[in-house]
1. Looking at region 145-215, what % of the alpha carbon pairs are farther apart than 15 Å?
2. Report, by chain and number, residues whose modeled amide H sits under 5 Å from the one on VAL366, excluding near sequence neighbours (fewer than 5 apart, same chain).
3. I'd like the accessible area for LYS354: 1.4 Å probe, protein heavy atoms, all chains in place, Å² to the nearest 10.
4. Extension gain GLU258-ALA497, at 0.36 nm per residue separation less the Cα-Cα distance, in nm?
5. R0 = 22 Å: FRET efficiency of ASP385 with HIS356, Cβ-based, nearest 0.05?
6. Which aspartates and glutamates, if any, have their Cα less than 18 Å from the Cα of LYS20, not counting same-chain residues under 8 positions apart?
7. Percent of Cα-Cα pairs per 10 Å bin, from 0 to the last occupied bin, for region 44-87, please list those.
8. For the chain, give the share of DSSP beta bridges that are antiparallel, in percent and rounded to the nearest 5; count only bridges with both residues there.
Amino acid sequence: MPLPSIPRTVAEWDRIRRVKEDVLSRDPFSVDPADHPEVRPEVVASWRRSMLARVDPGARDYVFDEEVRPRTRLAAVAEPVLNRLKDEISDLNSWGFLADRACRLLTVVVGDFPDAGRVHRQNLAPGMCFGEDLMGTNGLGCAHETQQAFLISGTEHFRRDTEILTTTGVIIRDPFTKRYAGTLGLHCLREYGSAAVLPLVAEIGRSIEAQLLGSRTSGEREFFDAFTAAQGRYRGPVVGVSRQLCVVSTRARALVHEQDEELLRRIAEETGSRRQSVRRNLSSGATVTIDVLPVRQPKGEFAAVLVLHPHEPRSRVNLGPPSADPMGDFRSRLTRALREGHPVLLTGERGTGKRHEARAALGDPVELDGALAHLDPGGWLRRLDSALREERAVLAGHLTDLPPELSTSVADLVAAARTPVVGTTAEESGNVLVRESFPVRLTVPPLRERRADFRALCKTLLAGLGGEPVMLAPRAVAALLASDWPGNVRQLRQVLASARIHANGPMIDLADLPARHARDQPLDEVQAAERRVLLAALRDTGGDRNAVADRLGISRATVYRKLKRHELR
């Protein structure tokens, strides 16, 4: 059976509208493009994504991002091309514009926008968002989401206020970096659109890419030539860094995350014109030897190609696969590591209770706060040395804030310790040298992943508040469970302390909770499913947002929006 073509007639648009209304009446998880052969499968798939994103098909308002920066390199180099386009499409009831990597309007519209009586008037200004998860099915948003050229005609659009249009989107990539730079859109009234429009838009997009190529400086050209040559010469992961750019080869994506870029830039800048090799720990947990190959640049600039050789440190302990109980798994790993004599670095989000867990595992440790070391660096170091010489258990908190001049000494003392030592940092931050001195690093699970022991944790926290014993009513527990707790255990303790004061008797009810939590409702099925999928993808990819986007088949910008929506950033 031949695939359906792009609709061109009123009868075809009416038929697709009826199919769309049927799809909209269904559970989005049950929508299968194969069940609707009369509509292009990629369009039905976009409808389904729009439904999952909760786009309102009857909406007539538009989302604007005030943080957009219209004057980007892409906008600057595309300006002469768009000016020529304006002349070519004059009097054709067509208009074109450029969107950035987040699918936000960059340039003013060129061409002829239809009269307001025919089409709902749009305020086409920089910052207007065309993302599929905000606008629903449209040519620009679909191209952004799938990273492929797209044309949407008439009633194929998800929102009814755009059913009178034909919209297109063509992806623009930087010829040097091969990265997605933005999207070019050319729209017209639906009766003027056809499949022949898309090649025209693609040709204009290639012209913009040519302008991007020509806009590069000689230093940038030399940098990218060196990076390309290194990819062909070396079989392993390769990264190119300069003051403005960080280019990662396909093999390096699993190792190098965004938070590593500043470290790699610092290595390249400090190396200067010398070739050398250094050993570093990356945020992915991998230890790598990096061959630094400097690239000649104009005075005041730097660039280098970094060839990565990953390896597991000999002292790194394999603590086995995770269990279904993240907190129980964490505690058993911590106990095992300390029993085997390994210093342990606890990382994780702020407020997860890192020091509490360390105290519980160490018993009665000597506690040293790295945030206070700057007051008396020498005295702080002597107390650490004395505790280790006396073979007492040590808890060194806030290593993120440790003065740099103590780094080498602290790292040496920790590496040579023959007594239990636990350090704490927020996430994977902190001094690299000190972090590397801990052979075992464990992450304290955030509260949102500890639903199984949530009630028990609340009971423990309430008991620690003192006074008459109190309990949580079931609906109060349900409301608290509905929150994602970005402040983790610390935030939960504050909420419970406030609720304890408001409660008149031995029971904390819904009305006793702070207003935000009293209003919280459990995630519905769609939201909960989306959140579970995102968490699983983040866990499986080690937090790599690019890999999450590839795995879920959505754009990187959409990944960030969904992470922000579910407070997973």
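The values are calculated or read from the model by the stated rules, or taken from the named source; none is laboratory data. Just so it is clear, the structure is predicted and the values come from calculations on it, not from any experiment. Reconstructed Cβ throughout: ideal geometry from the backbone, glycine too, with neighbour counts over all protein chains shown. Ligands, DNA and RNA are stripped out before the accessible areas are found, and what is left, the full protein with its side chains, is counted by its heavy atoms. Shrake-Rupley method; radii C 1.70, N 1.55, O 1.52, S 1.80 Å.
1. The proportion of pairs with Cα distances above 15 Å equals 54 percent.
2. ALA393, VAL394, LEU395
3. 20 Å²
4. Details: separation 239, 0.36 × 239 = 86.04 nm, distance 3.78 nm.
Net length gain for the segment: 82.3 nm.
5. It comes to 0.30.
6. GLU12, ASP32, ASP35, GLU38, GLU42, ASP56, GLU132, ASP133, GLU156, ASP161, GLU163
7. In whole percents, the pair-distance histogram is 20, 25, 27, 28.
8. 75 percent
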